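See structure below.
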Amino acid sequence: MAHIHEQLLNGDGIFYRFERLTVDCNNLPPASWCAKRHFAVRGSEYMRKLFIVALLFVAACGQKSEEASRTSAEEAVSGPNVGVSSAPGLSLTYRYGFLLPPERVATAQEDHAARCEALGSNLCRISAMSYEVGRDRTISASLQLKLAPQAARQFGREAINLTTKHGGMLTSSRIESEETGQAVASSQAEQKSLAADRARIENQLKRTDLGSAERQELQAQMSTLGSDIRDAQTVQRDASLKLTTTPMTLDYASGNVDQSLSDGPIIGAIKDGWTNIVSGISVIIMIAITLLPWLLTGALVIVLWRKYFRRWLFSESHPGRE
């Protein structure tokens, strides 16, 4: 330990003398101030390194969580990837609903129609198409297709991917099935039974000993059987058509697309609250604009009444007064 004497010149030109204490830590015991100071410095270095490691860990976790959120949001926007196998005798019907920005509805619909035409008429045909703009500046559209059963599922997934590329999202997905094969089998069995009855009646009509009344009755039964056979053939034809073609309907609607479905409750509440505020302001502006002409007309009538008509009525009722 040593004392160092130093002098300092102040602003008035006077020297002040003070002593600075220096410590030699090499000759002090472990429990001294130097040892405590040494451990304190090392502890602060450890804490700084630990803080840096924690920051790096949090950054890595944040990146992973962001990637996971992005993946989950993309999965939510594209909808469930559920494969429905078309069993023999089972006909399927697909229906998808999409939400897109107003300026992207027509483009998405045209891309879906172009994709259908690219597959060829043997795999996809457009049966109906609509596009409507409502009075409230909303757009609704639809596209109805007839696809081959083996191409329907893949076309549905591609339609969803095309919609997400246009900034839209899947809002509804429905796949319905019908046991069409049973209807075909039942119709065929019914036709066989009806054909047997008709053959029996035809053999009876060949008899020469039939009376006129009995012959007329058999002919009426033949006419009824012919009508029933035609109905059964129509049912079989429609059921067979369902087995060879798969209907698919794509519905489009315009609106505000929020693809961040993985937001927490707080962020979701903030977004919903802001949407409600904007909607409320728009309603107030619409009401104000609607009532403004009437309010101005009423104010003009009141001003004219007070300034002219009331004075004119007063002068007519009191002609001697000015």
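Listed by first and then second residue, the pairs linking a residue in the stretch 171-187 that is among the aliphatic types (A, V, I, L, M) to a residue that is exposed (fewer than 13 other Cβ atoms within 10 Å of the Cβ), with Cβ atoms under 8 Å apart and 6 or more places separating them unless they lie on different chains, are ILE175/VAL82.
When the stretch 142-183 is filtered for residues that are in contact with a helix residue (DSSP H, G or I) (Cβ under 9 Å, 6 or more places away or on another chain), under 22 Å from THR244 (Cα atoms), open to solvent by less than 20 Å² (accessible area, probe 1.4 Å) and part of a helix (DSSP H, G or I), the ones remaining, listed by number, are ALA151, PHE155, ALA159, THR180.
Could you figure out which of (1) at pLDDT 80 or above; (2) under 26 Å from ARG135 (Cα atoms) isn't true of SER212? Failing condition for SER212: (2).
If only residues of the stretch 203-222 that are open to solvent by 80 Å² or more (accessible area, probe 1.4 Å) and either assigned to a helix (DSSP H, G or I) or of a type in the set (Gly, Ala, Ser) (or both) are counted, the one that is farthest from THR246 (Cα to Cα) is SER212. Can you find even one residue in the stretch 189-206 that is at pLDDT below 80 and either out of contact with any Phe, Trp or Tyr (no Cβ under 8 Å at 6 or more places or on another chain) or closer than 30 Å to PHE98 by Cβ (or both)? So far as the stretch 189-206 goes, no, none of its residues is at pLDDT below 80 and either out of contact with any Phe, Trp or Tyr (no Cβ under 8 Å at 6 or more places or on another chain) or closer than 30 Å to PHE98 by Cβ (or both).
From the list ILE139, ILE126, the one residue that fits, being at pLDDT 90 or above and either at positive phi or crowded, with 17+ Cβ neighbours inside 10 Å (or both), is ILE139. Residue-level analysis places PRO88 outside the set of residues that are modelled with pLDDT under 95, open to solvent by 50 Å² or more (accessible area, probe 1.4 Å), more than 23 Å from LEU243 (Cβ to Cβ) and assigned to a loop (DSSP other than H, G, I, E, B).
Kindly evaluate ALA239 against the criterion of being more than 14 Å from TYR96 (Cβ to Cβ), open to solvent by less than 30 Å² (accessible area, probe 1.4 Å), touching a Gly at 6+ places or on another chain (Cβ under 9 Å) and not polar (S, T, N, Q).
Taking the combined requirement at face value, the residue satisfies it.
The values are calculated or read from the model by the stated rules, or taken from the named source; none is laboratory data. In this text the structure is predicted, and so the values were computed from the model without any measurement. Neighbour counts are summed over all protein chains in view; Cβ atoms, including those assigned to glycine, are modelled from backbone coordinates with ideal geometry. In case anyone asks, the SASA skips ligands and DNA or RNA and just uses the protein heavy atoms, side chains included. Shrake-Rupley method; radii C 1.70, N 1.55, O 1.52, S 1.80 Å.
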